[in-house]
1. On a full-extension model of 0.36 nm per residue, what is the gain between S65 and I85, subtracting their alpha-carbon distance, rounded to one decimal in nm?
2. Using the beta-carbon distance between S243 and F148 and R0 = 45 Å, what value does 1/(1 + (r/R0)^6) give for FRET efficiency, to the nearest 0.05?
3. Separation between the L191 and L111 pseudo-spin-labels, each 7 Å from Cα along Cα→Cβ, expressed in nm?
4. How far apart, in nm, are the 7 Å Cα→Cβ label points at N155 and I174?
5. Expected output is a single nm value to one decimal: the length gained when fully extending between V119 and S8, i.e. 0.36 nm times separation in residues minus the C-alpha distance. What is it?
6. Rounding to the nearest 20 debye, state how big the charge dipole of the stretch 3-218 is about its Cα centre with +1 on each Lys and Arg Cβ and -1 on each Asp and Glu Cβ.
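Read-outs throughout are calculated quantities, based only on the coordinates presented, and are distinct from any laboratory measurement. Here the structure is a predicted model, which means the values were calculated and not measured. All Cβ positions, even for glycine, are placed from backbone atoms using ideal geometry, and neighbour counts span all protein chains on display.
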Amino acid sequence: MDFGRNLSDSFDYSKGLFADVGRLIILMILSIIPIANLVVLGYMCKVIKEPLGSRALPQLNHYSSLWVQGLKVIVGIVIYLCVPIALMIPFILIMVSTWIPFPIQVPFGWLLAIPILIVGVLLSFFITIILAMAIIHMVKTDRFSKVFAFREILNIIGRIGWGTYIIWLIIIFILTVIVSSIGSTAGFGWLLSLIISPILGVFVSRSALITYSSGNLSETETTPVPSATPEGRYCTYCGTELSFEAVYCPKCGRKQ
């Protein structure tokens, strides 16, 4: 996967939000309303569902469906992280005990809670690596059960390349931290962060689609065909006819 093309394509795609300021404003407002912000998450899922060859952002409509899709993502995340969170609870309880007047065996508690906390943090780190692709796979296939299709998920990551995939996750994480830090700055940082957040969401969703497509060959395992003929240019993986300037196949998403 070409990181430059991935990020460049995602940036150009996310700029489409400015073509419909009303949609951007609605996403901004919904993003700060508890519960209703699931609609925003559902819209980002809708971006992932779009064909890779699409250049126009999906319409912001069918809010109830978007809300349900956003809820599915949250449920999938909670299920994946329930064990690491449970391992962190003893440490959290010990911390809380320092602020409340109830006696707790603190020395023994710390000795027990800290190792468990470390295990929980490490486990959450490794689980999150799989979780990111699991959510994308669930959204793209439109089947909640696919969030637990571990063999398919690992195969997709394997085709992308574990190193490539982890580098992509790090890049997305850094961008997210930067945008989050903007909101903590003085002045109008919160407003700038509010504007950028939906744009970042679309950017990440588009980038996720490109990354996922580069490793998803489950529907396109066919005999390679010539990449170009006198009559036209075709995908070397699935045979779909391409325009001569196309970098990615609009059907299977593979780089040409």
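1. Values: separation 20, 0.36 × 20 = 7.20 nm, distance 2.89 nm.
Using 0.36 nm per residue and subtracting the Cα-Cα distance, I get 4.3 nm.
2. On the way: r = 38 Å, r/R0 = 0.84.
With a Förster radius of 45 Å, E is 0.75.
3. 5.6 nm
4. Going from the N155 label point to the I174 one covers 3.3 nm.
5. Working: separation 111, 0.36 × 111 = 39.96 nm, distance 3.75 nm.
Using 0.36 nm per residue and subtracting the Cα-Cα distance, I get 36.2 nm.
6. Details: 13 positive and 6 negative charges, 82 e Å.
So the dipole magnitude of the stretch 3-218 works out to roughly 400 debye.
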